[in-house]
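Q: Quick one: the structure is below, and I'll ask about it shortly.
The values are calculated or read from the model by the stated rules, or taken from the named source; none is laboratory data. Values in this document were obtained by computation on a predicted structure and should not be read as measured data. Cβ placement follows ideal geometry from the backbone for every residue including glycine, while neighbour counts extend to all protein chains displayed. In case anyone asks, the SASA skips ligands and DNA or RNA and just uses the protein heavy atoms, side chains included. Shrake-Rupley method; radii C 1.70, N 1.55, O 1.52, S 1.80 Å.
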Amino acid sequence: MLFTDSFRRGGTERQFVRLVRGIDRNRYDILVACLQRRGPLLSEVESLGVSIVEFPINSLYNFRAAKQFVQLVQFMRREQIQIMHAFDFYTSVFAVPAARVAGVPVVLASRRELLNLRSPWQQRAIRIATRLATGVVVNSCAAGRDLDSLKSGSRRRIEVLPNCIDLQEFEPRLSRGQVRREFGLSARSIVIGALGNLRPEKDLETFLFAARGILDAIPAVQFLIVGDGPGANKLKRLADDLHLSAALQFLGERSDVPDLLAALDILMISSYSESFPNAILEAMSMGKPVIATNVGGIPELVEEGETGFLVPPKDPMAIADRALSLCRDSARRLRMGQAARARVESNFTVKDVTAKLEGIYGRSLRELFG
């Protein structure tokens, strides 16, 4: 049983779909469970022909959740589930205890973000879930170290499973020139982009201040921000205050990310908290150099001076300086982009990461049953 929150177009959900698609059906009989059977990725899972069962809850602390908990326990017993793998915070907190009550042999929780994004009560819930699980799957070594800091008393195995990418998904339908014409971008200008949900931890304010510094030095540079979220309106006001409107476009949530990445020259990530960002993985898969903050699991993905540059968080001047050096050196941009693509091909394909996941499942079962 692979358990996801929903099928919305988020980083965790996309990873979930890729792994469901990649797991060997000759070895594993897969059943997908969810808390909300909705979202644009649902049709992709349905097309795989796997069973999908919903346990709808809108809170972890009400009668409905308790009722669904009991039904989940009964369902896992009836289906004789041998492995239950919860992929995110809410499914780990909800389904891990249920799986232990149901007597499921292998119960895996997941951590896909750093703890500084969670409230004290959520951290307590994580501590309980990871203590109950037989193992915890994290998407970066940084997330594993973060989990150790909880001092939960758990001796459960921590398994590192990095995010993966389907390289076929990231073959753009439109050419670089076509995309640039669609958005009124000059064919000769350097285009720098940011990609992701517009949440506080992404710190797009630092991106905007860096953009102002870059434009002061090279006025022809243009910027794209792809994504939506609670911080959108505040960021747009700040962009106006910094007089960036002529050089910056907010594109909102998009389904044509490969096309948009094709139009970029550089990806710039200014987050102050990340475990293993999909945006960087996607840009690297398309041969783009990355300038990113040296936080969380980003250094496990971006190799300083090889596939991009690492900079301190909340330092727009450092980001701008690195961006300007790449703007002025097309040969280095090309070399870094090629190295980035090669790194993804060697380490983060769906095939490679799915094989690691199957290794985790197989090892967990062998430890129990020999």
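Q: Kindly establish whether Leu244 is touching a helix residue (DSSP H, G or I) at 6+ places or on another chain (Cβ under 9 Å), among the aliphatic types (A, V, I, L, M) and more than 17 Å from Val311 (Cβ to Cβ).
A: Working: touching a helix residue (DSSP H, G or I) at 6+ places or on another chain (Cβ under 9 Å): yes; among the aliphatic types (A, V, I, L, M): yes; more than 17 Å from Val311 (Cβ to Cβ): yes.
The answer is yes for Leu244.
Q: Yes or no: Ala292 out of contact with any Phe, Trp or Tyr (no Cβ under 6 Å at 6 or more places or on another chain), among the hydrophobic types (A, V, I, L, M, F, W, C) and modelled with pLDDT under 95? Steps first, answer last, please.
A: On the way: out of contact with any Phe, Trp or Tyr (no Cβ under 6 Å at 6 or more places or on another chain): yes; among the hydrophobic types (A, V, I, L, M, F, W, C): yes; modelled with pLDDT under 95: no.
No; evaluated as a whole, the condition is false for this residue.
Q: Sticking with this one: Just to verify a result, which residue in region 209-226, among those that are open to solvent by less than 10 Å² (accessible area, probe 1.4 Å) and either in contact with a Pro (Cβ under 6 Å, 6 or more places away or on another chain) or not β-branched (Val, Ile, Thr) (or both), is farthest from Ser255 (Cα to Cα)? Walk me through how you get there before you give the answer.
A: Taking region 209-226 and keeping what is open to solvent by less than 10 Å² (accessible area, probe 1.4 Å), we get 210-211, 214, 221, 223-225.
Right, trim to either in contact with a Pro (Cβ under 6 Å, 6 or more places away or on another chain) or not β-branched (Val, Ile, Thr) (or both) and you get 210-211, 223-224.
Values: Ala210: 27, Ala211: 25, Phe223: 19, Leu224: 15 Å.
Step by step, filter region 209-226, then rank; the result is Ala210.
Q: Got a number for residues in region 278-301 being in a loop (DSSP other than H, G, I, E, B), open to solvent by 10 Å² or more (accessible area, probe 1.4 Å) and over 24 Å from Leu185 (Cβ atoms)?
A: Going through region 278-301, the residues in a loop (DSSP other than H, G, I, E, B) turn out to be 286-289, 294-297, 301.
Still in the running and open to solvent by 10 Å² or more (accessible area, probe 1.4 Å): 286-288, 294-296.
Among the residues that remain, those that are also over 24 Å from Leu185 (Cβ atoms) are: 294-296.
The total comes to 3.
Q: Let me ask you something else. When you go through Leu108, Leu114, Leu60 one by one, which is the residue that is more than 23 Å from Gly359 (Cβ to Cβ) and buried (at least 18 other Cβ atoms within 10 Å of the Cβ)? Can you show your working first?
A: Working: Leu108 fails: more than 23 Å from Gly359 (Cβ to Cβ); Leu60 fails: buried (at least 18 other Cβ atoms within 10 Å of the Cβ).
Unique residue meeting the criteria: Leu114.
Q: Would you please name the residue that is nearest to Arg199 (Cα to Cα), looking only at residues in region 243-255 that are more than 24 Å from the chain's Cα centre (by Cα) and surrounded by fewer than 16 Cβ atoms within 10 Å (Cβ to Cβ)?
A: Our first condition is that a residue be more than 24 Å from the chain's Cα centre (by Cα); within region 243-255, this holds for 243-248.
Narrowing further to those that are surrounded by fewer than 16 Cβ atoms within 10 Å (Cβ to Cβ): 243, 245-246.
Numbers: His243: 22, Ser245: 21, Ala246: 24 Å.
Among them, the one singled out is Ser245.
A quick yes/no check of all residues on (1) more than 23 Å from Ala331 (Cα to Cα); (2) in contact with a helix residue (DSSP H, G or I) (Cβ under 9 Å, 6 or more places away or on another chain):
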{"position": "Glu159", "(1), (2)": "yes, yes"}
{"position": "Val179", "(1), (2)": "no, yes"}
{"position": "Phe183", "(1), (2)": "yes, yes"}
{"position": "Ala187", "(1), (2)": "no, yes"}
{"position": "Asp203", "(1), (2)": "yes, no"}
{"position": "Ala210", "(1), (2)": "no, yes"}
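Q: Looking at (1) open to solvent by less than 30 Å² (accessible area, probe 1.4 Å); (2) acidic (Asp, Glu); (3) in contact with a Leu (Cβ under 9 Å, 6 or more places away or on another chain), find the lone condition where Glu358 falls short.
A: (3)
Q: Do you know which residues across region 70-84 are buried (at least 20 other Cβ atoms within 10 Å of the Cβ) and within 15 Å of Glu54 (Cα to Cα)?
A: Within region 70-84, Leu72, Met76, Met84 qualify.
Q: Could you grab me the full set of residues in region 110-151 that are under 21 Å from the mean Cα position of the chain (by Cα), part of a helix (DSSP H, G or I) and among the β-branched types (Val, Ile, Thr)?
A: Residues satisfying the conditions are Ile126, Thr130.
Q: Enumerate the strands (runs of 3 or more DSSP E) found wholly within region 1-96, keeping only those where 1 or more residues are modelled with pLDDT under 95 and within 22 Å of Asn278 (Cα to Cα). Please lay out each step first, then the result.
A: Values: elements: 2-4, 31-34, 51-54, 83-86.
So the answer is none; nothing clears 1.
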